[in-house]
């Protein structure tokens, strides 16, 4: 009868058991949080690369429609965006050009994240005349809206590097 009374009184966890479980959970969370931060940064980097790849498709549509001429506009450095509206009007399928021109890892959402590298093509304005499309940069991740004056890869928002789109369509992360 004494054993029956003991089993009925032991319905709750002891303080030591509860603190041990809380400690184990805290250790697991401490290990998991940095991994989640890395996964989130990697996801932003991949979204940035996806944006650049979509801009490549739009650029190819433009060059195919315009005899191979590369889309540039008059004005500051690498301004290439006025032509996008013809191929992806704002509001089509709920995706506007603004979402493609902003890197998800950018801290300043007031400026365009991607700019044209006007120097790597050595003045070539027709994609058919590029000697090495796989080695010629087209767009890259930048902290400000310029290409010639700000320098190549003026931001390192993706694991110490930046995403670069080349004229053959591949996107690579480049480190300084």
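The values are calculated or read from the model by the stated rules, or taken from the named source; none is laboratory data. The structure displayed is predicted, hence computed values, not measured ones. Don't worry about glycine lacking a Cβ; one is built from the backbone with ideal geometry, like all the others, and counts go over all protein chains shown.
Results, tabulated for the structure shown:
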| item | result |
| --- | --- |
| Some residue of the range 15-35 being surrounded by 10 or more Cβ atoms within 10 Å (Cβ to Cβ), at negative phi, at pLDDT below 90 and not in a helix (DSSP H, G or I) | no |
| Hits in the range 58-67 (condition: in contact (Cβ under 8 Å) with a residue 24 or more places away in the chain and loosely packed, with under 15 Cβ neighbours inside 10 Å) | 60, 67 |
